[in-house]
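Participant: I have a structure I would like to understand better, so I am pasting it below and will then ask my questions one at a time.
Where a number appears in this text, it was derived from the coordinates with a stated rule and is not lab data. The structure displayed is predicted, hence computed values, not measured ones. Cβ coordinates were reconstructed from backbone atoms using ideal geometry, including for glycine residues, and neighbour counts include every protein chain displayed.
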Amino acid sequence: MKLSISKLTCATLFAALVFISFTNARADEGMWLFEAPPKQQVKERYNFDMTDSWLEHLRLSSVRFGRGGSASFVSANGLIMTNHHVGAGYLQMHSTPENDMLANGFYAKTLADELPCKGLECITLYEVVDVTEQLAAATKGLAADDAAKVRKTKIAEIEKENADKKNLHCEVVTLFQGGKYHLYCYKKYTDVRLVWAPEQNIASFGGDPDNYEYPRYCVDCSLFRAYENGKPAVVKHYLKWATGGVTDGELVFVAGHPGTTNRAYTKEHLIYLRDVHFPERLERMYRREVIYSVFANRNLENARRVGHDLDVVQNYRKRAIGQIDGLQTPSLWNGKITAASVASTRPEAIIAKACERSAPIYKPHIYYEGGEAFNSQTFRFARQILRLADELEKPNANRLKEYRDSGIDFVKQTLLNEAPIYEDVEVLKLTDSLTMLEEYVYGELILDANKKLNDKPLGELIPPELQKESPKELAIRLVRGSKLRDVAVRKALIDGGKKAVDASTDPMLLFAKAVDERSRKLREIYENEYDSPTTAAYAELAKERFEQLGTNVYPDATFTLRLSYGAVKGYKEDDGTQVKPVTNIAGMFERAETMKYREPFNPPKSWLDNKSKLNQNCAFNLVSTNDIIGGNSGSPMVNAKGEVVGLVFDGNIYSLSNNFVYSETQSRCVSVHVDVILESLRKIYNAERIVEELVK
């Protein structure tokens, strides 16, 4: 399709380009809203009718696991399936030096043995209401900054009013970069218990070398259970277990909570991510990977204590490399609107200007308000306690978003989490992050001694305490002197409110107070310079899109429930090697032998001891064309019957550009095949009570 700019308005050009990017012959692309499912596309491509009842059942069976993963109900008694790596923090919570559950796995032989996971919240989407018109009416005619303030107040009112009326957890979510606002009403489960998890060496077989690669051999699965009133929750909607496997080319669906995509971003905005956001993030991940690896290599106990943190950092590092690579690929930019190449429309120019103005404050904002300069769980507790006390003194509508009534329960659950916090790890992390802050500020001042940040000397970013002590001295004093790692102390401060917090002499709490004014100011600047103008501009662009296309497009991911469709399908590597879609148990043992059983290609002893019992042809992992991204980890994969056939845990290396553009050619979603989960439950872990619950 060839278009002449001279014969098109900018709005029409934008709509045409969006049409190309979102709806034109992109095969299995899309992270679709359940309230606006791709019925026509699925019917035309796969001749399958998604009925309203089919969609409702899948929606109510899907679970958001904590604040970072996906899951699903897989039994009538509240059994929840997610990834091992999604639930890893709760394995660490119950680990001791004598029993590393992350390494050794866990199985509760009876209901009484299932372990409470304090602080874990699982929610299911019960109802969706479009509140776009309410918010548009409240902000009509206002400038961007004023509109943002009024919108915040109105959102808080809508959330509270509906939560009180429906007795559900309610959140207003932003869709289409502000083009739509939907109220999502959730049923919440706060009593969630650990049931089963395999050993780390089989859950993440191949470790970092195989991460984002394929073929794969991971039982990246764990099982939890939701309880109500002290008993297993009785759920009407859950996914039945498929026992017939899947076939090459078979239609499959993924229901989950993809985190963030940027496919509707303008070219200038993607350049901002390429040149500002990802380089800083990657530099930080490289730094922490080295620090954590050196600490872990000292002894086994150190490795246990920092193991999950190291896994997370390595995963982020590898993902960021792939995303930067995507942003450096010229073909990515095809079809992307740019204010520089088109007679600049108002919203596109606003986005370009917001990116330009926010670039110099990105690092200070992420270091202070993002907490990256104070990387310590003890500090995070201190900041949450401080802000909880301060924000609860304000009317609900005037609070920071995370401290509105809709989020207070989660904040308190987080603060009362009983997961162990290790003093030496805290000192390690805080020392490094404080050092990073000093290096940044002094490095910038060397380049320009008079450099300022919004008319303030850049040197003010160095906390006064850090000007008197070295990063290590300060970290040791703050961490060792703080009592906030004691959950009883945190609870007393929460219950005592602002009076107790103001009276506290805890050094970490005092430090959090010392940096909070600067943190809040940087947040305000960033929101005014970047968030508010880009939100308003994208809302305007979305309106143009809706005028041309209607709402038959999907919005960028926002960690809200989405549906993707695709097919079980292999692919060709860049060198022409054909990759088959499904691996098997025999392949895992062959891979281990080829790699001489060295870490991380060493299956756990339980698998080696029971090798002869296992069906070597049993399916292990599979790939499909489903459109997924980070946050989809733990998502159920179902067939046309609505039966669960897989558990999403990764994407291949070609999927790392999915943040910005989707391609069916090589990008693949990687899942655990349900057959290997059953095979291992039966023959490795002797978990018959769970097998009977899954397949009855």
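Participant: Tell me, in nm to one decimal, what length is gained between E133 and A492 on full extension, where the rule is 0.36 nm per residue of separation less the Cα-Cα distance? Show your work: numbers first, answer last.
Facilitator: On the way: separation 359, 0.36 × 359 = 129.24 nm, distance 4.29 nm.
Gain on extension, E133 to A492, equals 124.9 nm.
Participant: For a Förster distance of 22 Å, can you work out the FRET efficiency between the beta-carbons of K412 and A514, rounded to the nearest 0.05?
Facilitator: Details: r = 24 Å, r/R0 = 1.10.
My answer for the efficiency is 0.35.
Participant: Mind giving me the nanometre distance, one decimal, between the label points for R298 and E228, set 7 Å out from Cα along Cα→Cβ?
Facilitator: 4.8 nm
Participant: Between R45 and D424, what length in nm is gained on full extension when 0.36 nm per residue of separation is reduced by their alpha carbon distance?
Facilitator: Stretched fully, the R45-D424 segment lengthens by 130.9 nm.
Participant: Then there's this: Can you give the Rg and Dmax of segment 357-532 based on its C-alpha atoms, in angstrom?
Facilitator: Values for segment 357-532 (Cα only, Rg and Dmax): 16.5, 48 Å.
Participant: Determine, for segment 594-696, the count of lysine pairs separated by eight or more sequence positions (or lying on different chains) whose alpha-carbon distance falls under 14 Å.
Facilitator: Within segment 594-696, the lysine pair count is 4.
Participant: Pairwise over distinct Cα atoms, reciprocal of the mean inverse distance: report the Kirkwood radius of the chain in Å, one decimal place. Before the final figure, lay out each step's value.
Facilitator: On the way: mean 1/r = 0.0376 Å⁻¹.
Final number for the Kirkwood radius of the chain is 26.6 Å.
Participant: Under 19 Å from the Cα of K353, which lysines turn up, not counting those fewer than eight places away in the same chain?
Facilitator: Partners found: K267, K336, K363.
Participant: Note down the magnitude of the dipole of segment 265-336 about its Cα centre, charges +1 on Lys and Arg C-beta and -1 on Asp and Glu C-beta and zero elsewhere, to the nearest 20 debye. List each step's numbers first, then the result.
Facilitator: Working: 13 positive and 9 negative charges, 19 e Å.
For segment 265-336, the charge dipole is close to 100 debye.
Participant: Give me I80, I421, I684 ranked fewest to most by other Cβ atoms within 10 Å of their Cβ, as a rough exposure proxy. Intermediate values should be presented prior to the final figure.
Facilitator: On the way: I80 26, I421 18, I684 22.
By the 10 Å Cβ count, ascending: I421, I684, I80.
Participant: For segment 128-228, count the residues as N, evaluate 2.2 N^0.38 Å, and divide the Cα radius of gyration by that value, please.
Facilitator: Values: Rg = 21.3 Å, N = 101, 2.2 N^0.38 = 12.7 Å.
Dividing the Cα radius of gyration by 2.2 N^0.38 Å gives 1.68.
Participant: Can you find, among A514, P533, F546, the residue sitting farthest towards the positive end of the charge dipole of segment 507-546, where Lys and Arg contribute +1 and Asp and Glu -1 at Cβ?
Facilitator: My answer, from the dipole projection, is A514.
Participant: Fewest first, what order do T625, T96 take by the number of other Cβ atoms within 10 Å? Can you show the working numbers first?
Facilitator: On the way: T625 24, T96 9.
Fewest to most other Cβ atoms nearby, the residues stand as T96, T625.
Participant: With the cut-off at 18 Å, report for segment 527-610 the share of all Cα pairs above it, as a whole percent.
Facilitator: Values: 2527 of 3486 pairs.
More than 18 Å apart: 72 percent of the Cα pairs in segment 527-610.
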